[in-house]
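Worksheet: one structure, shown below.
The values are calculated or read from the model by the stated rules, or taken from the named source; none is laboratory data. These numbers come from a predicted model, not from an experiment. Every residue, glycine among them, receives a Cβ derived from its backbone with ideal geometry; neighbour counts consider all protein chains shown.
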Amino acid sequence: MKALIKLKIRLMKDNLILYVIMAAMSLILSAVFGGTMGGSYSPTIVVVDELQTVETSNIINDLQSEHAFNVKLMDYDAALDEVMGRNVIAAVVFDKSLDQGVNVIQLRDTVEGFQLSRLLEDELSLLENIKTLDSQLSGILVNEKIVFNQDDLYLEVKNTFGDQWENKRPITIESYLVASDNALTSNVSRHYMIGMTLFFVTYSLMFTVGDFLEDKRLRTLDRMMIAPISRRGILFSNLVSSMVVGVLQICFMVLAGKFLFHIDWGQNLLGVIGVGVLYIFVMTTLSLFVVSIVKTMAQLGAVSPIILTGMGMLGGCMWPLEIISSRLLLTLANFTPHKWALEAIEALTNGNTFSYLPILVLLGMGLTYLILGERVMYFKSLKDNQ
Amino acid sequence: MMIVAEKLTKKFGDFTAVDAIDLSIEKGKIVGLLGPNGAGKSTTISMISTLYKPTSGRLFFEGNDIIKSPKWIKPHLGYVPQELALYDSLSGYENLKYFGGLYGLSGTALKKRVDEVSRVIGIDERLKDRVSEYSGGMKRRINIGVALLHEPKLIIMDEPTVGIDPQSRNHILETVKSLGEQGITVIYTSHYMEEVEAICQDVWIMDHGKMIANGTQEALIEQAGIHTAIRMKFDSQIKDRLDPLRKLNHAMAVDLISDDELVVLVNGGGNTHKEVIKSVMELNYDLTSFDITRPNLEQVFLKLTGRGLRD
């Protein structure tokens, strides 16, 4: 079996260019997606302030100070033109009392639009809380017959509560992330780095496992079957050598992310790599299952992009699942290893928490594909023999 | 016996590829397995090499049932498939090393065997070149070399000389002969009858999944009833002097072709034709020339199956 594993690794040298291309694609696309949708990129929004109040002015200042958006002020018609012309991602319109909400006009849902909505919700929520607190305090002071200036009280409440809000925001955000499944990841670049790595590593895996078909074509498989090595031993060697490639790719991408894109993988780097290895196991066994169904390398070449791209898209490698609202798509995502691996790695990198459910699901998927692949191959060999 | 098959049968669906054959191969012999395309040779070989499981029957290697437990034969079997089962992108050395590794060889022992085998197959000088750069003959030699690495007791060769130059073919045939001399049992299939005649001690002939004849080449010729024909030309008319010729030992029949030319059919193998010629000389007949046509496996095959080997 050692000889088989060594051979497979030796043969990989001939496909080195394929692995280099896959790794390069992961890096380039991570840079493109991450750079566009995260990192230093600030999308432009326009603000239409028809209310011209202190509160709206504060909100606009806050939007600008967040540096998440490039903010421009203009009138309603001009703002609408900008949105329709796709020059800006959204227009924020303050045209009614703030307690009735704020209009956000956009052509379609985007990650940035979602971020903008969350930011506005935060601002409005803060204003609403200050108002409620001011009103409660006014009631108490009136009941206690204490003389006070309404404007001064509002200012005091705003400054005190607002400051506390600002100071405590990191804590509030953290608790919000833990409590909500819909929380947007704080680091879009990291998401794309993970997503693209998970996506591209699957291609090289599929074709490495597909070497089994090549051995069948070359009849070298016959030589292996005649040798004193079991059928399972041959299969296992193939899987181990494929996994080695996948693990090397994952490690390379984690290190490239750290040193090229300055991605913070959190405190538990080993945990991240561990989940990566588990994901590689699942994708290797999935590849085995696919290879067991097809008959030739040509067939594998035809079906693998459909399967892998479909799974990658569904699983959230190309965009965060948070922006998906379709229940069907979200349900289907649960059947992809990509979704669970992303979830486990992001849980580790965001909050250093070890998430057991994704690990268990990945393990279950890997074992299921392994058993299915092995059995299909066995029954096919019996059929070939009949 | 090295290999014994009893009522060995292999069916693929409704099609019977091998039909209840009995076979026994002695240790240390080079045995030819002949048959036209679709006769069942490859299926028989595949069953012996444990690639196919027989539908019924029994198969033994050195007395051990290899259908129940293929482990008895696997370490002792060398297999040379008809196709070049090699990795083109690797060198000959790497191919030999890898396949040797499958049989548990490693380190110095493996290196030593690779060196020995590369000398046997005559490819030691270009061993480090990629197989894709080899000629057809060199690839065939490596294909054989792979089967020799672990010093097997039994080697199965499935048409090992297909599509190669005469020089490589001769080298391969010499290699097979020397394997036989070393006491290794060889099962050899080929479409080239002259190869089988040159190297095989025993021949088994298959047709339509059945074993139709077996034995030494002489025995098969005898069995098929084919005789040596001696065409003789005389200086004068011979038609009135035929009786003494018909009475000669081993002369089965005498056919007159012309006034001064005839054919004598001689039975028995070996040197019986020489005895007949000597007797004719002793009769003081004015024999001017003669031509001997000895029966061969091609004729035996034609007689037994009704078709040529390459039909």
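Taken together, A:L332, A:L348, A:L342 contain a single residue that is farther than 18 Å from A:I280 by Cβ, of a type outside the set (K, R) and assigned to a helix (DSSP H, G or I), which is A:L332.
Which members of segment B:88-140 meet the condition of being in a loop (DSSP other than H, G, I, E, B) and either aromatic (F, W, Y) or more than 13 Å from every other protein chain (Cβ to nearest Cβ) (or both)?
Kept after step one, since they are in a loop (DSSP other than H, G, I, E, B), are these residues of segment B:88-140: B:88-90, B:103-106, B:121-123, B:127-129, B:134-135.
Hits for segment B:88-140 are B:Y103, B:I121, B:G122, B:I123, B:L127, B:K128, B:D129, B:Y134, B:S135.
Among the residues making up segment B:54-87, a single one is facing another protein chain (nearest Cβ under 10 Å), more than 18 Å from B:I155 (Cβ to Cβ) and not in a loop (DSSP other than H, G, I, E, B): B:K71. Considering only residues that are among the charged types (D, E, K, R) and over 10 Å from the mean Cα position of the chain (by Cα), look in segment B:189-220 and name the one that is surrounded by the most Cβ atoms within 10 Å (Cβ to Cβ). Across segment B:189-220, the extreme among qualifying residues is B:D207. The one condition from (1) within 14 Å of chain A (Cβ to nearest Cβ); (2) within 14 Å of the chain's Cα centre (by Cα); (3) of a type outside the set (K, R); (4) in a helix (DSSP H, G or I) that B:N143 does not meet is (2).
Scoring A:K339 on the criteria (1) of a type outside the set (A, V, I, L, M, F, W, C); (2) under 17 Å from A:M206 (Cβ atoms); (3) surrounded by 14 or more Cβ atoms within 10 Å (Cβ to Cβ) leaves a single failure, condition (2). Based on what the data block shows, is B:T16 within 25 Å of A:D215 (Cα to Cα), touching a residue at least 24 places away in the same chain (Cβ under 8 Å) and more than 10 Å from every other protein chain (Cβ to nearest Cβ)? Here the answer is no, as B:T16 does not meet what is asked. Among the conditions (1) on the phi < 0 side of the Ramachandran plot; (2) at the interface with chain A (Cβ under 8 Å from one of its Cβ atoms); (3) of a type in the set (S, T, N, Q); (4) touching a Pro at 6+ places or on another chain (Cβ under 7 Å), the only one that B:T50 does not satisfy is (1).
Do we have A:V291 as assigned to a helix (DSSP H, G or I), in contact with a helix residue (DSSP H, G or I) (Cβ under 8 Å, 6 or more places away or on another chain), away from chain B (no Cβ under 14 Å) and within 30 Å of B:S69 (Cβ to Cβ) here?
Details: assigned to a helix (DSSP H, G or I): yes; in contact with a helix residue (DSSP H, G or I) (Cβ under 8 Å, 6 or more places away or on another chain): yes; away from chain B (no Cβ under 14 Å): yes; within 30 Å of B:S69 (Cβ to Cβ): yes.
It is true that A:V291 is assigned to a helix (DSSP H, G or I), in contact with a helix residue (DSSP H, G or I) (Cβ under 8 Å, 6 or more places away or on another chain), away from chain B (no Cβ under 14 Å) and within 30 Å of B:S69 (Cβ to Cβ).
Show me the helices (runs of 4 or more DSSP H) found entirely inside segment A:209-265 where at least 1 residues are within 14 Å of another protein chain (Cβ to nearest Cβ) and among the small types (G, A, S). Explain how you work it out, then say what you get.
Numbers: elements: A:211-218, A:220-226, A:231-260.
Here the list reads A:231-260.
In the set (1) of a type in the set (A, V, I, L, M, F, W, C); (2) surrounded by 22 or more Cβ atoms within 10 Å (Cβ to Cβ); (3) at pLDDT below 90; (4) over 30 Å from B:T16 (Cβ atoms), the condition left unmet by B:V120 is number (2). Restricting B:N170, B:N143 to those that are crowded, with 21+ Cβ neighbours inside 10 Å and either over 26 Å from B:F61 (Cβ atoms) or in the same structural domain as B:Y87 (by TED's automatic domain parsing) (or both) reduces the list to B:N143. If only residues of segment B:52-73 that are without any contact (Cβ under 8 Å) to a residue 24 or more places away in the chain and crowded, with 19+ Cβ neighbours inside 10 Å are counted, the one that is nearest to A:A227 (Cα to Cα) is B:P70. When restricted to residues that are on the phi < 0 side of the Ramachandran plot and either assigned to a loop (DSSP other than H, G, I, E, B) or at pLDDT below 85 (or both), segment A:84-115 contains 21.
All of (1) surrounded by 15 or more Cβ atoms within 10 Å (Cβ to Cβ); (2) within 24 Å of the chain's Cα centre (by Cα) hold for B:N37 with one exception: (1). When the criteria are applied in full, A:I5 meets the requirement of being more than 28 Å from the chain's Cα centre (by Cα), modelled with pLDDT of 80 or more, under 30 Å from A:G257 (Cβ atoms) and surrounded by 13 or more Cβ atoms within 10 Å (Cβ to Cβ).
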